[in-house]
Amino acid sequence: MKGIEEIGKEYLIIIFILFITFLTQYYNFLLFHSIAELFSIIIAGGIFVIGWNSKKYMDSSFFLIIGVSFLFIGILDLLHTLSYKGMGIFIEYGSNLPTQLWISARYLEILSFLLAIWRINKKVHSSYLISGYMIITSILIVLIFTGIFPTCYIEGIGLTMFKITSEYIIVSLLILSFFFIVKLRKEFSKNIYRCLLIFIISTIISEMAFTFYIGVYDFSNLLGHIFKIGAFYFLYKAIIQKGIENPFILLHDKLSNSEKKFRFAFDNAADAILWINEKERNIINCNKAAEHLLGKKRDQIIGTPLSEIHDHPDQENLSQSITDFLERVGNINMDGIVVSNSGEVIPVNINASHVIVDNQRVIQELIRDISVRKKIEELNYKLASIVDTTDDAIIGKELNGTITSWNKGAERLYGYQEEEILGKNIRVTFLPDKENELDYIMDIIKKDASIARYEAMRLRKDGSEIVVSLTISPIKDEKGTIIGASTISRNITEKKKMEEQLAASEEKYRNLFSTAPFGIVLFTLDGTIIDTNLAISDIIGYSSEELIGKNFRNVIVPSESQFLDYSRREELARQNIIPEPREIILNKKDGSDIWISSKLSFVEIGGKKFIQALINDVTRRKQAEKRLEQFVSTVSHELRTPITVLSMSTDYLINSKGEISDEIKNNLLNAISRNTSLLAELIEDLLIISKMDEKKLRLTKKEYNPKKIVDDIIKTMVPVSEEKNLKFLVDIDEDLNLIGDYKRIEQVFRILIDNAIKYSEKNPQIHIKAISNYEGKLNPKKIPGVLFQISDNGMGMREKDLNHLFERFYRSDDVADIPGTGLGLSIAKDLIELHDGKIHVESQFGKGTNISIFFPFLENI
């Protein structure tokens, strides 16, 4: 799309041309009239070329009818110009002849315009159409030159009533066509629609001006021609210019949505596509457009050598040049030719590159028929001019590389002034190891082919290297002989650096994204997940494929749904406020809940904002914090009771002095002793844990009798046993002796027996037995040893608690009301393992628990 500045320059140029044309009438009105009409005739010819060649692309007949009609309108305008007063060609006919030719051309123009609107979505047979216009135009010319056609101008009097009435009729029909075009505006692109309306308005003003003149050199006649030039200029912009820039703009909205989608697909692409075997250089596949272009069926094209469709006496070895240059450059865009099945040489644009098909590299050519463009280039060859106003470097050179032209853009780009560079070889801008590149370029140029969008490294005068985008095309003399090449260079160094930096940043981010040990989730502001990394699967159990497309709310427990408050997220995104890190609960795929730490940030991708969440599993920490909280609460409770007893007993002894009996005094002292021992035991547990954590616990190993240890523990628990009516069954050989730390072994059995009593109901039974030479699952290596089993019929444990049984501070919700620290089993397990033993727990909730302990014999320690 043109920028505002460029459009302004274009309009300034046309205004300037109109002004110069206007000034010519002061020198010679006939010169002014000839220039104005010649402009219209050339445009009419261009419209015919565009309209005629557009018929094979469209179902609509609008541009075909306009094109054919303007060929014959141009013929009538040419006769009008030649017969004009003062031209000296049709002297005997006077001023009536050009006026008759003028009004017949205008009738033909407006009626053709209405016909084109009427048949806009209908097919018209092109041969019938051109034959019809040939007949109508011939009849008009015969009627005019034989004097049958009504008189339009009388010398000395001016325009006849027929001429003036005809102009008003034409204006009325133009107004009618204006409303038709507005009604059918969706049939045209925005630019073409606007230009057509301006064309109609300018033509109306022109026709109105032609109703007022008396003499053929009058001012109103001049004004009419000025507006006719303006009208034809906008018709030029609507059809010829747009057709040259992009032939497919004339197809605006004529393809259905499905056709638009499939046009870019291989089989239905508008451009011909060929896949060529890189080694054999024969065609291995093509699309339907290639069949149409080459005039062959696909099975006839496949296997054809590339040289058969590209090489021609006018362009020998073009296929070889394409493949050779492609190997060195990587991709090329050039103008060339193809030879159809009928032998027709068709000018085309070739965009060649390497693609991978079925794990094999092949050459892909995208071929566009540019016959229309070439014909228009030939039509306007002598009128073309180059304005050196671009910032790009435009360089002309001979075939040997000698520089012949050097614009201001080249001075800025390469650092050489025009006067110091002219006559030198273009190789001064090449890198030392790339000087032979010129030979490859010129080989292509000599074969009449243009190279576009070719990127290369170049050298500036100061020695710095730059990256440039090059468009190279041949320069021909009037005979069509190639005498040199024109190069347009654009500095894309900064663009390349930015692309490299962006690629590096994206690669770094992608590596971090895929290898990060923490989870990463990318989702829209409303919570829809668009990407995740692999680590997220380890955290919540869902694979990336299962998460993408879901809403993040679906994996957040209901109590945390405010985490993705949509309106709040949009507000934060607009203000670029990064939310504070949060810890929330997620639902895992297996249905369990986990705690995660989530740090959110906003990222921008493709101009849209998304939320990126960095996720860490903090479930263990949260559980540990909960257990620590429970431990502190339990320890506080456990400490509070003995400390209270100690405080009250000592206060009573101090304050009562000699007022208490010896019995009360002894009871108080015994209470102080028992609670002091309890405090010492609790502190001892904490000290043992500390020592084990710091690897400072030392065992004093000696021989011990397990039966004696168990019996001593049971004796100390007689009061509790009697209170619960508890029954002990001990089945341990009295002669069984093991080696170990007596104090620690006693501590293990005390913890286990105490737990069996503590979590038993009324009338419980505890069975303790030893199995010598045990070789079960706790002794897979068959080491000689003893298995101790402590079984009870108490409350038992749930399956979910068994996995956490030996975790420090862990206590089941079922025993929250029973005093305990959650340290006993953890300490027992660590002490057993210090003796190279093992412990295993089996339990059923409501039925009881069985604890198994394995210790090796003396000789195996």
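The values are calculated or read from the model by the stated rules, or taken from the named source; none is laboratory data. Source: prediction; values computed, not measured. Please note: Cβ atoms are built from the backbone with ideal geometry, for glycine as well, and neighbour counts cover all protein chains shown. These area figures cover heavy atoms from the full protein model, side chains too; ligands, DNA and RNA do not enter into them. Shrake-Rupley method; radii C 1.70, N 1.55, O 1.52, S 1.80 Å.
Could you calculate the FRET efficiency of residue 679 with residue 620 from 1/(1 + (r/R0)^6), where r is the beta carbon distance between them and R0 is 30 Å, rounded to 0.05?
0.45
When the dipole is taken about the Cα centre of the range 310-370, and only Lys, Arg (+1) and Asp, Glu (-1) are charged at their Cβ, what size is it in debye, to the nearest 20?
Roughly 260 debye, rounded to the nearest 20.
Arrange the residues 610, 518 by how much accessible surface each exposes, largest first, with a 1.4 angstrom probe.
Descending order: 518, 610.
Taking the Cβ of residue 84 as the centre, find all other residues whose Cβ is under 13 Å away and add up their charges (Lys, Arg: +1; Asp, Glu: -1).
For residues surrounding residue 84, the net value is -1.
For the range 168-184, just list the computed ³J(HN,Hα) in residue order, Karplus coefficients 6.51, -1.76 and 1.60, θ = phi - 60°, integers in Hz, with x standing in for Gly and Pro.
5, 4, 4, 4, 4, 5, 5, 4, 4, 5, 4, 5, 5, 5, 4, 5, 9
Under a 1.4 angstrom probe, counting protein chains only, how are 19, 325 ranked by accessible area, largest first?
In descending accessible area the options line up as 19, 325.
Quote the accessible area belonging to residue 498 in square angstrom, nearest 10, computed with a 1.4 Å probe and with ligands, DNA and RNA left uncounted.
130
Sort 709-716, 849-856, 232-239 by the packing proxy (mean of other Cβ within 10 Å over each peptide's residues), most packed first.
Ranked from most to least packed, the peptides come out as 232-239, 849-856, 709-716.
May I ask you to derive the FRET efficiency for residue 408 and residue 467 from their Cβ-Cβ distance with R0 = 22 Å, giving the value to the nearest 0.05?
So the FRET efficiency works out to roughly 0.60.
Over 22 Å between C-alpha atoms is what I'm after, so list which of 122/163; 781/838; 758/829; 708/743 land there.
Result: 122/163 exceed 22 Å.
How far apart, in nm, are two points set 7 Å out from the Cα along the Cα-to-Cβ line at residue 758 and at residue 138?
For residue 758 paired with residue 138, the spin-label model returns 12.0 nm.
Pull out the extension gain between residue 118 and residue 358, defined as 0.36 nm times the separation in residues minus the alpha carbon to alpha carbon distance; nm, one decimal.
Additional length available on full extension: 81.4 nm.
Below 11 angstrom from the Cβ of residue 518, what's the summed charge of the other residues (Lys, Arg +1; Asp, Glu -1)?
Surrounding charge for residue 518 is -1.
Mind jotting down a quarter of the surface of the convex hull over the alpha carbons of the range 700-794, in square nanometres, one decimal?
Its average projected convex-hull area is 6.4 nm².
Could you tell me the calculated FRET efficiency between residue 270 and residue 165, based on Cβ-Cβ distance and R0 = 45 angstrom, to the nearest 0.05?
Rounded to the nearest 0.05, the efficiency is 0.40.
Rounded if a/c is under 1.5, else prolate if a/b is larger than b/c, else oblate: which is the range 700-747, with a ≥ b ≥ c the root eigenvalues of its Cα gyration tensor?
Judged from the Cα gyration tensor, the range 700-747 comes out oblate (a/c at least 1.5, b/c at or above a/b).
If 308, 92 are ordered by their accessible area, calculated over protein heavy atoms with a 1.4 Å probe, which sequence runs from highest to lowest?
92, 308
Give me the distance in nm between label points sitting 7 Å out from Cα along the Cα-to-Cβ direction at residue 155 and residue 23, one decimal.
3.5
How large is the accessible surface per residue of the range 702-861, computed with a 1.4 Å probe and reported in Å² as a whole number?
50
By the scheme Lys and Arg +1, Asp and Glu -1, what is the net charge of all other residues having a beta-carbon under 10 Å from that of residue 418?
-2
How much area per residue is accessible in the range 261-331 when the probe is 1.4 Å and only protein heavy atoms are counted (Å²)?
54
Residue 431's amide H: which non-local residues (gap 5+, or another chain) put their own amide H closer than 5 Å, with H modeled 1.01 Å from N in plane and none for Pro or chain starts?
Sorted by chain and number, the residues that satisfy this are 459.
Label points 7 Å out from Cα along the Cβ direction at residue 588 and residue 799: separation in nm?
Distance between label points: 1.5 nm.
In square angstrom, rounded to the nearest 10, how much accessible surface does residue 440 have for a 1.4 Å probe?
70
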